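Data first, discussion second: the structure below is written as structure tokens.
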Amino acid sequence: MTVYVNPAAVVKDKALDYEMAVGVELEMALRFPVDVRVLNYVPSYFAYHASPMRGHICGMFWGWDS
């Protein structure tokens, strides 16, 4: 699962911790393995291939204030 986050809430150095925490929380709720990646800090080729519409970045917005 790919997500965009508020950069003020999740800085680049803490993105991995955020991915792990959200992944564990989702796995416990869904009882199914979940991989989470923060799109804010991934290389552009990863963001492109993570998008189902190639070139249109998709994801859920968690913790985004504006």
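The values are calculated or read from the model by the stated rules, or taken from the named source; none is laboratory data. Quick caveat: nothing in here was measured; it's all calculated off a predicted structure. Reconstructed Cβ throughout: ideal geometry from the backbone, glycine too, with neighbour counts over all protein chains shown.
Only a single item in (1) on the phi > 0 side of the Ramachandran plot; (2) modelled with pLDDT under 80 is not met by Y45, and it is number (1).
Across the range 18-36, the qualifying residues are those that are of a type in the set (D, E, K, R) and in contact (Cβ under 8 Å) with a residue 12 or more places away in the chain, and the one among them that is surrounded by the most Cβ atoms within 10 Å (Cβ to Cβ) is E19.
Taking each residue of the range 1-16 that is under 7 Å from N40 (Cβ atoms) and touching a residue at least 24 places away in the same chain (Cβ under 8 Å) and looking for partners that are in a helix (DSSP H, G or I) and of a type in the set (A, V, I, L, M, F, W, C) with beta-carbon atoms closer than 6 Å, six or more apart or interchain, yields Y4/L39.
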